[in-house]
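One structure is given here, and the rest of the page talks about it.
Read the figures in this text as sums done on the coordinates, not as results from a lab. On a predicted model such as this, the values are computed, not experimentally measured, just so you know. In this analysis, Cβ positions are derived from the backbone assuming ideal geometry, glycine residues included, and neighbour counts consider all displayed protein chains.
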Amino acid sequence: MDGIVLVDKPAGKTSRDITTVVGRTVGDRRTGHSGTLDPFATGLLIVLVGRGRRAQRFFMDLPKEYEAVARFGYVSTTGDPEGEITQTGVLPAAELPLPIGRIRQRPPAYSAVHVDGVRAYERARRGEEVEIPEREVTIYAFDELWRTEDRAGYRIVCSSGTYIRSLIADLGDAYTEELRRTAVGAFRVEDADPERIVPLGDALGFFMRVELTEEEGRRATHGMPVAPAAPLVAPGAAWLHSTPPAEVLLVDGQGPVALAERRPDGSLKPRVGFRG
């Protein structure tokens with residue numbers, strides 16, 4: 001039961017709703033997810049099952065791909081259709097400069113970012129002033145797919161932690177009318193199946209890996225460093241504008257053992273274990 005489930009989240013459902021349903025479907029309530037999708041958004045949500053939850057931060061760090069519809073001439077208090085929408089009538093120029101590369105971005109007040117231990121959106125809903133520090137994110141691709149009078153469709157590939165609502169709002173008087181996550185790392189929404197658990201070994205295919213002997217696997221299971229004679233194997237999964245993590249996946253005849261860090265002496269020290 002250890003692995004991930006790829007779900008095409010419908011609009012109107014929270015990420016927590018989806019993890020609960022998946023847990024019931026697969027018969028394991030030990031579920032989590034690798035990155036919140038707003039209720040109005042649709043698309044790929046990676047649900048972590050069993051020991052797959054131990055690798056949560058690695059899945060969360062994967063780059064993301066989105067398709068967004070921007071509505072111009074209006075602003076929204078939340079940056080999406082769920083906020084208070086005001087018409088301004090201000091439309092952008094025919095060609096907009098779309099940011100690429102490293103940029104500084106301020107997450108929206110209605111976001112899941114913690115501010116003094118409380119979610120920003122909880123403070124905003126209480127009418128509190130919310131000041132969220134800027135963060136640096138990377139935009140790998142920002143392409144206009146189509147354009148009508150007051151709407152435009154975009155494809156955006158970005159680093160983890162990027163807020164599409166903020167990107168769209170920064171284009172001018174605009175808000176994100178529709179948002180769909182189409183990929184997370186090498187995982188695509190087209191492969192979503194809420195009833196199928198992708199085995200942990202396959203799900204972690206974006207790591208370098210090394211095969212351990214039975215004795216090495218036993219040592220690694222107990223958190224002891226290993227220096228396997230077998231060579232490191234390159235990741236089998238394709239990447240979206242990124243590089244593999246520095247950690248190495250240790251596997252033996254029974255499957256994944258641990259994620260390990262490389263030490264200066266060449267050994268591999270387990271940091272995230274998948275046994276026990």
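Structure notes:
- Residues whose amide H lies under 5 Å from that of residue 212, counting only those 5 or more places away or on a different chain, are 251, 252; hydrogens are built 1.01 Å from N in the peptide plane.
- Taking amide H as placed 1.01 Å from N in the peptide plane, the amide H of residue 232 sits under 5 Å from none that are at least 5 places away or on another chain.
- Cα-Cα P(r), the range 204-273, percent of pairs per 10 Å interval: 23, 56, 19, 2
- Close amide-amide hydrogen proximity is noted between residue 43 and 9, 181, each under 5 Å apart and 5 or more residues distant or on a separate chain (H modeled in the peptide plane; Pro and chain starts excluded).
- Only Cα sites of the chain enter the Debye sum here, all with the same form factor; the resulting log10 I(q)/I(0) across q = 0.07, 0.08, 0.12, 0.14 1/Å is -0.30, -0.39, -0.81, -1.03, listed in q order.
- Counting only alpha carbon atoms, the long axis of helix 15-26 and the longest principal axis of the chain meet at about 40°.
- Among 45, 204, 96, the largest mean-square fluctuation in a Gaussian network model of the chain (Cα springs under 10 Å) belongs to 96.
- Span from the the range 9-68 Cα centroid across to the the range 141-168 one, whole angstrom: 22 Å
- Exposure proxy ranking, count of Cβ atoms within 10 Å, fewest first, for 77, 221: 77, 221
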